[in-house]
Amino acid sequence: MTESAQTQFSMPKAYEPGKVEQKWYKFWLEKGYFTPRIDRKKKPFVIIMPPPNVTGELHVGHALTATLEDIMTRWHRMKGEPTLWLPGLDHAGIAAQVVVEQMLAKEGLDRHKLGRERFLERMRQWAESCRHTIAGQHQRLGVSCDWSRERFTLDAGPSRAVRTAFTRLYQKGLIYRGERIINWCPRCATALSDLEVSHKDVQGHLYYVNYPLAEGHGFITVATTRPETILGDTAVAVNPGDKRFKPLIGKKVVLPAIERVIPILADDAVDPDFGTGAVKITPAHDPVDFEVAQRQGLPLVNIMNPDATMNQNAGPYAGLDRFSCRKAILADLERDGLLVKVEPYSHSVGHCDRCQTVIEPVASKQWFVKVKPLAQPATQAITGGRIRIIPEHFTKVYLNWMEDIRDWCISRQLWWGHRIPVWYCQDCSQLTVSIEDAKVCSSCGSAHIEQDPDVLDTWFSSALWPHSTLGWPDDTEDLRYFYPTTVMETGYDILFFWVARMIMMGIEDTGDIPFSTVYLHGLVRDEKGEKMSKVRGNVLNPLDTLEQYGTDALRFALSTGTSPGNDIKLTPARLEAGRNFANKLWNATRFIIGGAKAGGISPQVPPEGHPLEDRWILSRLSRTVASVTSLMADFQFGEAQRQIYDFLWGEFCDWYLEIAKIRLRSEAAAPSPLPVLVYVMETSLRLLHPFMPFLTEELWHNLSGCLPQERRSQSITIAPYPEPVEAAINTDSERVVESVIEIIRAIRNVRAEHKVASAKWTAAQIYADELIAPLTPYARVIETLARAKPVTFHNRRQERPSGENTLVMVLKDAEVAIPMESMVDLKAERKRLGTEIARVEADLARLEARLENRDFLSKAPAAVIDRERSKLAARRDRLEKLREQLTKLG
Ligand SMILES: [Zn+2]
Ligand SMILES: [Zn+2]
């Protein structure tokens, strides 16, 4: 048995992704290809993976992230750069705690019953199992990341980075504790940052309420959307320029329902056009009112418990839920004649991103980061061009946000996360901030200290991710070599949550930018363009699609033809296209190795005397390689993959391979096309590898039996990425072969239009000028691929048959004339047309007679007459066309 025959037999008929994917992933891991070797002479390529939340499973958005980052990583690795893609996982604070709390609820437990330590133990166990699931799912996606450097936000290293960053910011005065209005989720019982609140337009009401003056008669009317907050009012305010209220400034009113006396005062913040122009001031439950209260020295009256029931400050309403309280207070106001009117009112209401509960703005003592000083260098990094954002239009979005940035509330009333490294002293009431666990008060030395019970916002540790994963605050070899990283690839929806904060904290902690390029991808949507969500029920589980179509088909569907920042539609049609492409390449490779011999590979430029199609395909390959390389360098991965697809399917498989089959069947002693087939396929597989890693590895191993010993390698993963070969570019051969393709396509189209049976041959006369000589050898190819016989060539100066029974197509470099009789049986067609004409004529005569009949015209309804008239017009049209066709046949 020959070697080629052996390889053929080892390749199954169809590509079965399930049989090869795990084998190759294991092989790559065993060989250690994903762990870079530090080489100080080379600049590394580094991506830190956005750590998925440790909450269950990966979704299709993660599959997109994984695909794009793997494309970049594999490409750079093949270019010979030390390449690090560092994977990790985020503890996900509130999102994870909510999941475990729900699990506990099913067991009739809650975290308070368990206690902090046992609850955290449960969280850790659960996180550990999710960590395994997620790593396994990532591996199935083919990610070529360095698992030896995998990090979890709660690992010792990143945790120490968090405490170090906190302590340093505190010492610089950039972290402080203060009472501010924060977003409180009563269900989650924690503070949230502004970014964790989603604002929804809600159809509510605007209630106009009379506040009686404390002395004398009269009222001042205020408008509010939240009447229950009346209980927390500490003033009524008007604009100082508002003449209507001038006499009332300095007077006092009595709060309805609880009869507290509060002042009327003037403040510039009041908009005279809102409601009545007089507004109630509720400093403990409204951010604007809080500021007014700070300016005016007003007290804060908090009227709610953490679960949004009313507290003792609400007097008779204490114990009611905030919405029941609203109903009760409205009823009382109505009874007392103080509710003046109610208007429908549409306004924006904040909801908890996590559980959709209505947020309560509430004054609370929390920890904040003073962001403005950090935002300045982070802005300059972008405006100075040290960091590039792709697509570019997000630069403006980023800069606008940086300009209006507000202090960041970083404390959360949760248990799962990095506990705030602050200890309060019970003896001297000073606080101790420390990287290591504090044992005694740093002020008085007392051991009576207690750690702040809160944890940090999960995005605080995420903000340190690029440097904390590489070993910061220690001066590690990884940090020195791999930092700043190269690309941060993530979704545009977390530009502020994450990207902006990494830039701020990276520069603050290390003095250097965390990455030089930000690549933002779009969202994955369904066929109808809708965002995939559990609520809509249109979520495609990436693992199901892997089972059904294979990993490479999913990767193909997620990346081909897409562009940075634009949303992606993931449809079954795209997945099928990916699977079909894999099968096409499988069959092509199978054909090639079926005929090729070991060592049979073409040189980069075919020798003289080879058929033009050899020069053509090698020229096209070189152009494709050049174009793909420049697209990749410009982050246009979707377009790069589309071009590889077009080349492989539309030029190599559809044309070169088909022409090669004709050559292989012919007896003539022309050079075999097999070395070119091997060369083009082998190069193309390397070109495609970053996009479809499993398929290309499998095919490449099968094909490598055809390569000379010195060209074989362990794995396509570490084979060099193709480079364009300038000398292979050959415009003349491109023009000729493209003309051949155009001729075949034209004949095929005409045959399809005339529904010519595939067994029937069509004659073709080809007219050209200087291409006549190079086109002539393609008679056989045109004959076979277009079902055209005989094919004859003529100079355009010669007379081509004109007349009605010839169809002429004018192409770019040639004209093709096809006698009608070679497509249709003229005699039979004439007869058929004759019969049809006679039938239409008879029909026409009948209609004409009827429409001339006065009796019919006077009796028939107008609609019937109209219908007959339009029938008549249609028959006349038809008759004209049939007569034209008959004339054409001559
Ligand atoms: Zn919530
Ligand atoms: Zn102390």
Can you tell me which residue is nearest to A189 (Cα to Cα) among those in the range 310-365 that are of a type in the set (S, T, N, Q) and within 16 Å of ligand 1 (Cβ to nearest atom)? T357
Positions within the range 28-43 being buried (at least 19 other Cβ atoms within 10 Å of the Cβ) and in contact with a Pro (Cβ under 6 Å, 6 or more places away or on another chain), in sequence order: P36
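Kindly indicate the residue of the range 447-473 that is over 26 Å from I94 (Cβ atoms) and loosely packed, with under 14 Cβ neighbours inside 10 Å and also farthest from ligand 1 (Cβ to nearest atom) among those meeting that condition.
Going through the range 447-473, the residues over 26 Å from I94 (Cβ atoms) turn out to be 447-449, 470-471, 473.
Subsequent filtering for residues that are loosely packed, with under 14 Cβ neighbours inside 10 Å retains 447-448.
Details: A447: 37, H448: 35 Å.
Top of the filtered list is A447.
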Filter the range 492-520 down to the residues that are closer than 17 Å to I568 by Cα and touching a strand residue (DSSP E or B) at 6+ places or on another chain (Cβ under 6 Å), then identify the one that is surrounded by the most Cβ atoms within 10 Å (Cβ to Cβ). Y519
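Return the residue satisfying two criteria in turn: it lies in the range 755-772 and is among the hydrophobic types (A, V, I, L, M, F, W, C) and free of Cβ contacts under 8 Å to residues at least 12 places away in the same chain, and of such residues it is surrounded by the fewest Cβ atoms within 10 Å (Cβ to Cβ).
Looking only at the range 755-772, we keep the residues that are among the hydrophobic types (A, V, I, L, M, F, W, C), and these are 756-757, 759, 761, 763-764, 766, 768, 771-772.
Keeping just the survivors that are free of Cβ contacts under 8 Å to residues at least 12 places away in the same chain gives 757, 759.
Numbers: A757: 8, A759: 6.
Taking the candidates together, the pick is A759.
Do you know which of the residues in the range 84-98 that are within 16 Å of ligand 1 (Cβ to nearest atom) and out of contact with any Cys (no Cβ under 9 Å at 6 or more places or on another chain) is nearest to R480 (Cα to Cα)? Steps first, answer last, please.
Within the range 84-98, the first condition is being within 16 Å of ligand 1 (Cβ to nearest atom), and the residues that meet it are 92-98.
Next, from what is left, pick out any that are out of contact with any Cys (no Cβ under 9 Å at 6 or more places or on another chain): 92-93, 95.
Values: A92: 28, G93: 30, A95: 34 Å.
Among those residues, the one meeting the criterion is A92.
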Of the residues that make up the range 160-177, is at least one away from ligand 2 (no atom under 16 Å from the Cβ), among the basic types (K, R), outside any helix (DSSP H, G or I) and surrounded by fewer than 23 Cβ atoms within 10 Å (Cβ to Cβ)? yes
Being within 16 Å of ligand 1 (Cβ to nearest atom) and closer than 22 Å to P473 by Cβ is the filter here; which residues of the range 412-444 pass it? G417
May I ask you to verify whether T490 is more than 16 Å from ligand 1 (Cβ to nearest atom), in contact with a Phe, Trp or Tyr (Cβ under 9 Å, 6 or more places away or on another chain), within 19 Å of A381 (Cβ to Cβ) and modelled with pLDDT under 95? yes
Could you count how many residues in the range 815-849 are surrounded by 12 or more Cβ atoms within 10 Å (Cβ to Cβ) and either on the phi > 0 side of the Ramachandran plot or of a type in the set (A, V, I, L, M, F, W, C) (or both)? 12
Condition broken by A375, with the remaining ones in (1) more than 15 Å from L174 (Cβ to Cβ); (2) away from ligand 1 (no atom under 16 Å from the Cβ); (3) among the small types (G, A, S) satisfied: (1)
Within the range 787-837, take every residue that is closer than 16 Å to K755 by Cβ and under 54 Å from the mean Cα position of the chain (by Cα) and give me the one that is modelled with the lowest pLDDT. V824
Going by the structure shown, is D654 among the acidic types (D, E) and farther than 30 Å from H62 by Cα? yes
Screening A670, A640 for residues that are outside any helix (DSSP H, G or I), on the phi < 0 side of the Ramachandran plot and without any contact (Cβ under 8 Å) to a residue 60 or more places away in the chain leaves only A670
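Mind counting the residues in the range 43-64 that are more than 21 Å from Y492 (Cβ to Cβ) and touching a His at 6+ places or on another chain (Cβ under 8 Å)?
We begin by selecting, within the range 43-64, every residue more than 21 Å from Y492 (Cβ to Cβ); these are 43-46, 54-57.
In the following step, the residues that additionally are touching a His at 6+ places or on another chain (Cβ under 8 Å) were identified as 45, 54.
Of the residues in that region, 2 qualify.
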Selection status of E81, acidic (D, E) and crowded, with 23+ Cβ neighbours inside 10 Å: no
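One line per residue, one yes/no per condition, for (1) within 25 Å of the chain's Cα centre (by Cα); (2) more than 16 Å from ligand 2 (Cβ to nearest atom); (3) over 21 Å from P36 (Cβ atoms):
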| residue | (1), (2), (3) |
| --- | --- |
| K79 | no, yes, no |
| L86 | yes, yes, no |
| Q102 | no, yes, yes |
| R111 | no, yes, yes |
| R118 | no, yes, yes |
| R122 | no, yes, yes |
| R151 | yes, yes, no |
| L154 | no, yes, yes |
Odd one out for S627, checked against (1) hydroxyl-bearing (S, T, Y); (2) part of a helix (DSSP H, G or I); (3) in contact with a Leu (Cβ under 9 Å, 6 or more places away or on another chain): (3)
Picking from E738, E723, E753, E742, the residue that is within 42 Å of the chain's Cα centre (by Cα), charged (D, E, K, R) and closer than 30 Å to K79 by Cβ would be E723
Select from the range 178-221 the residues that are aliphatic (A, V, I, L, M), within 16 Å of ligand 1 (Cβ to nearest atom) and part of a strand (DSSP E or B) and write down the one among them that is surrounded by the fewest Cβ atoms within 10 Å (Cβ to Cβ). V197
Report, by residue number, each residue of the range 703-738 that is outside any loop (DSSP other than H, G, I, E, B) and β-branched (V, I, T). I716, T717, I718, T731, V736, V737
Of the residues in the range 427-446, those that are more than 8 Å from ligand 2 (Cβ to nearest atom) and loosely packed, with under 14 Cβ neighbours inside 10 Å come to E436, D437, K439
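The values are calculated or read from the model by the stated rules, or taken from the named source; none is laboratory data. Just so it is clear, the structure is predicted and the values come from calculations on it, not from any experiment. Please note: Cβ atoms are built from the backbone with ideal geometry, for glycine as well, and neighbour counts cover all protein chains shown.
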